1. If r is the Cβ-Cβ distance from Lys12 to Arg188 and R0 is 51 Å, what FRET efficiency results, to the nearest 0.05?
2. Which whole-number percentage describes the relative contact order of the chain, with Cα contacts under 8 Å and a sequence gap of 6 or more?
3. Considering only lysines 8 or more places apart in sequence, or on different chains, count the pairs in the chain whose C-alpha atoms sit under 16 Å apart.
4. Can you sort Glu148, Glu140 from fewest to most other Cβ atoms within 10 Å of each residue's own Cβ?
5. Want the number for Thr19 to Ile170: 0.36 nm per residue separation, take away the alpha-carbon distance, what's left?
6. Sort 119-125, 180-186 by the packing proxy (mean of other Cβ within 10 Å over each peptide's residues), most packed first.
7. Enter the mean projected area of the convex hull around the alpha-carbon atoms of region 101-219, in nm², rounded to one decimal.
8. Using the number of other C-beta atoms within 10 angstrom as an exposure proxy, rank Leu73, Leu135, Leu42 with the fewest first.
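What follows draws every value from the coordinates through simple rules; no lab data is involved. The model shown is predicted, which means the values in this text are computed figures rather than measured ones. Reconstructed Cβ throughout: ideal geometry from the backbone, glycine too, with neighbour counts over all protein chains shown.
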Amino acid sequence: MQTATIPELTEKFVVPAATSSYPTLGTAYKLPKYSINHSLRLERTGKNYRDTKAGIPEGIWMSTAAEETAIQLAIERDGKDSRKAKVFDDLFGRNNDSWYAWQWTETGLRVPKGHDPNKYETDSQGRKYWPRIVLIGDREVGEVLVPEGNGRVVVEWDEVFGLAKITEDIPYLHKGYTTHSWFDPMPRKDDISGHYDFAVGRGCGWFHGGGCLGVVVGYRRWAAVSAAGFRSVRGSFEIQAERTLRF
């Protein structure tokens, strides 16, 4: 298979330490601080997740959802609008080839074995949450509760995994918030993994003339997407739970 042409990893970034917990699941996680080098541009492949990953040269990785979220939140905490940042230009079609990228990440979600995919729990405000196993590549690294998507605004993040933790139905203009969430609770079976999996990807959406970032859990990893691409990174990390899982 043809190897992707990787942009230079010119950007240096420190992913900050993070924690997250889900008391009703009895789970808690820590992500220690670590450093990465990453490309400013995405590499367009037009391939599905698995074929894209197979073409990445040795020593380079596809960014995780947590790394993309960390880059985004660092921009926002510096008082800037992440939707206008150069690192996300490809998502909004602002580069020379004007492609609106669909970005694969190494992160995926899986329906727990024996669990009804559409069974959810609710919080005190009536918000819905679905239990899902988090994947990095094909390795299970934890279990979380994923909030309702349907274009709702992300108001709180799980920074360990780079996923929406709380979403709200806030009309545009939603000042102070930059990202919408889409989540399909009913994935089809993945022929490769044998599980009910979805990729966690990134893109953009347009609301009343305004462009926002989007986190999307609705594409199967073996589905080809013509505008697909990924961000190349170099670095390593670990997620700490009751047992430590290394990558």
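1. Numbers: r = 39 Å, r/R0 = 0.77.
It comes out at approximately 0.85.
2. On the way: 571 pairs, mean separation 67.7, N = 247.
Over the chain, the number comes to 27 percent.
3. Values: Lys12/Lys33; Lys12/Lys86; Lys30/Lys165; Lys80/Lys175; Lys84/Lys175; Lys113/Lys189; Lys119/Lys128; Lys128/Lys165.
Step by step, the pairs that qualify in the chain add up to 8.
4. Working: Glu148 21, Glu140 14.
Ordered from fewest to most neighbouring Cβ atoms within 10 Å, Glu148, Glu140 come out as Glu140, Glu148.
5. Working: separation 151, 0.36 × 151 = 54.36 nm, distance 2.61 nm.
Using 0.36 nm per residue and subtracting the Cα-Cα distance, I get 51.7 nm.
6. Working: 119-125: 10.3, 180-186: 20.0.
Ranked from most to least packed, the peptides come out as 180-186, 119-125.
7. Details: hull surface 30.8 nm².
Mean orientational projected area (region 101-219, Cα hull): 7.7 nm².
8. Leu73, Leu135, Leu42
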